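These notes concern the structure reproduced below.
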Amino acid sequence: MNRSRNIPKTIPACLSILLVSFGAAAQDSPASKPREWGKEAGPYQLSISSDRDKYAVGEIIKIAAILKNVSDHSTAFYVMGPGAFQFTMDIRLPMPAWIPWKPRAPLTPLGQQEMDPRLFTGRSGAEVLAGAEMTHTFEISKLFEMSTPGDYQITFSCAQWVGSLNDHSGAERPKVTVTSNQITVTVLAKQQ
């Protein structure tokens with residue numbers, strides 16, 4: 001009978017150890033890193049992040065892009081087209097350090113289809129409050145050829161018009177290009 005009283009005490013102790021272990025592991029994950037942002041362009045700022053830093057060849061690489069209104073007033077977010085077409089995705093292939101330039105990763109057949117300019121349907125906009133964010137997630141390894149092991153440098157950008165949707169003055173709105181922070185994801189060679 002004495003053992004049954006000890007069981008409830010050991011379960012919370014085990015749970016505490018597990019929670020501390022998971023908490024320590026979570027601190028090392030990319031999700032716990034502070035979000036990095038590109039430079040402000042007009043009232044906008046863009047951030048990209050990956051769900052992990054390292055992937056095996058063939059794994060899906062996900063990138064989250066967050067466009068934020070960093071001004072103190074409402075503005076419009078303009079969507080330039082469907083899906084991935086909204087962003088210019090600059091994915092640089094892994095190259096030895098002694099080569100001063102890194103070529104862009106080629107599009108996959110799906111990427112060619114998704115990025116086809118004939119899909120461009122015009123622009124639409126939504127008025128958003130100060131501090132509002134618009135988030136998109138892309139499986140970029142399905143859009144770009146990323147099967148070569150090594151470090152891929154990734155940057156996104158997008159064009160945005162500055163101003164409110166409610167501005168009917170007829171004046172041409174200025175356009176800015178918002179560029180994200182740069183991230184690096186590593187594709188690891190398959191174990192032999």
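Of note:
- Evaluating Lys39 against the criteria (1) among the basic types (Lys, Arg); (2) outside any helix (DSSP H, G or I); (3) at pLDDT below 90 leaves one unmet condition, (3).
- Qualifying residue in the stretch 120-136 (condition: open to solvent by 60 Å² or more (accessible area, probe 1.4 Å), modelled with pLDDT under 85, assigned to a loop (DSSP other than H, G, I, E, B) and of a type in the set (A, V, I, L, M)): no
- Residues that are open to solvent by 20 Å² or more (accessible area, probe 1.4 Å) and under 13 Å from the mean Cα position of the chain (by Cα) were ranked within the stretch 87-98; the one that is modelled with the lowest pLDDT is Thr88.
- For Leu110: the one exception among (1) part of a loop (DSSP other than H, G, I, E, B); (2) modelled with pLDDT of 85 or more: (1)
- Residues located in the stretch 42-67, provided they are open to solvent by 10 Å² or more (accessible area, probe 1.4 Å) and either in a strand (DSSP E or B) or hydrophobic (A, V, I, L, M, F, W, C) (or both): Gln45, Ser49, Ser50, Lys54, Ala56, Val57, Ile60, Lys62, Ala64, Ile66
- Residue in the stretch 70-84 that is modelled with pLDDT under 90, open to solvent by 70 Å² or more (accessible area, probe 1.4 Å) and within 23 Å of Leu188 (Cβ to Cβ) present: no
The values are calculated or read from the model by the stated rules, or taken from the named source; none is laboratory data. Nothing here was measured: the structure is a model prediction, and the numbers come from that model. No Cβ is skipped: glycine too gets one built from the backbone with ideal geometry, and neighbour counts run over all protein chains shown. To get the accessible areas, we keep the full protein, side chains included, count just its heavy atoms, and leave off ligands, DNA and RNA. Shrake-Rupley method; radii C 1.70, N 1.55, O 1.52, S 1.80 Å.
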